[in-house]
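> Pasting a structure below so you can have a look.
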Amino acid sequence: MPLVRLDKILTDTGLCSRSQAREIVRRGRAAVNGIPCADPAEKFDPETVSLTVDGEPIDGPGHIYIMLNKPAGVLTATRDPRKPTVVDAMPEEWKRRGLFPVGRLDKDTTGLLLLTDDGVFAHKVISPKSHVSKLYEAVVDGMPCEADFAAFRGGIVLRDGTQCLPAELIDLGGGRVQVEVFEGKYHQVKRMLGSRQMPVLHLKRLRIGGLWLDSSLAEGEYRRLTPEEIQKIQPDILSK
């Protein structure tokens, strides 16, 4: 890969502006591969370089992938003038890199949500053509019957005529069900269950592809995905 100026590498991480990066380097606050560097114009390979500022490691300019345990009451959006969004809680250096949610969860829906700055990755995850499954658990007012299971497997037609892809309905008992879908239409799981006279009282997403929500994350907590976890989402499409 072509070598890139140090001040541009720092800027591309989202840490600071270009002028701020030059000042950081000139003041001797930056180190490259453990060696102090005071020349903003010195060039390095951004794919392999290890950076620190004031002794603290700095993420390289590659894409970032975040797992969030979304709490209720937070909008799946990048910004809103009145209500908190899932991006609001992210570190400033990530927000400066254009972090955005992959797909969406309703305001009152909780659970697994991905955020990234990688548009190609996001498109592959949410496109119905990729056939990436999403597993939800719901508390409903009602009990499923055999006709409901068959309706989900056949592809439910919603009241407005929207045709859903075949999905899986699993009865957990006690008013709890799981629903696995392969697309992400507006309020889809709630509307599918509602069409079968099972209004949703609470909804949580547990899994995207082969990636499960980390049970150690409390609602509102987040962490970066490992390369292995990224591949779990759907190895056959994300490697293309």
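The values are calculated or read from the model by the stated rules, or taken from the named source; none is laboratory data. Please read all numbers here as calculations on a predicted model, not as lab measurements. Positions of Cβ are backbone-derived with ideal geometry, glycine not excepted, and every protein chain shown enters the neighbour counts. Ligands, DNA and RNA are stripped out before the accessible areas are found, and what is left, the full protein with its side chains, is counted by its heavy atoms. Shrake-Rupley method; radii C 1.70, N 1.55, O 1.52, S 1.80 Å.
> Among the residues of the stretch 85-101 satisfying the criterion of being surrounded by 15 or more Cβ atoms within 10 Å (Cβ to Cβ) and free of Cβ contacts under 8 Å to residues at least 24 places away in the same chain, which is nearest to the chain's Cα centre (by Cα)?
F100
> Also, I was wondering about something else. Could you list, in sequence order, all residues of the stretch 184-202 that are surrounded by fewer than 17 Cβ atoms within 10 Å (Cβ to Cβ) and either assigned to a strand (DSSP E or B) or at pLDDT below 95 (or both)?
Scanning the stretch 184-202 gives K185, Y186, H187, L201, H202.
> Quick one: is E221 touching a strand residue (DSSP E or B) at 6+ places or on another chain (Cβ under 8 Å) and open to solvent by 60 Å² or more (accessible area, probe 1.4 Å)?
When the stated conditions are applied, E221 passes them.
> Which numbered condition in (1) surrounded by fewer than 16 Cβ atoms within 10 Å (Cβ to Cβ); (2) modelled with pLDDT of 95 or more; (3) closer than 18 Å to E229 by Cα is the only one that L68 fails?
Result: L68 fails condition (1) only.
> I'd like to check something: does the stretch 19-38 contain any residue that is modelled with pLDDT under 85 and either in contact with a Lys or Arg (Cβ under 6 Å, 6 or more places away or on another chain) or open to solvent by less than 70 Å² (accessible area, probe 1.4 Å) (or both)?
No, that holds for no residue.
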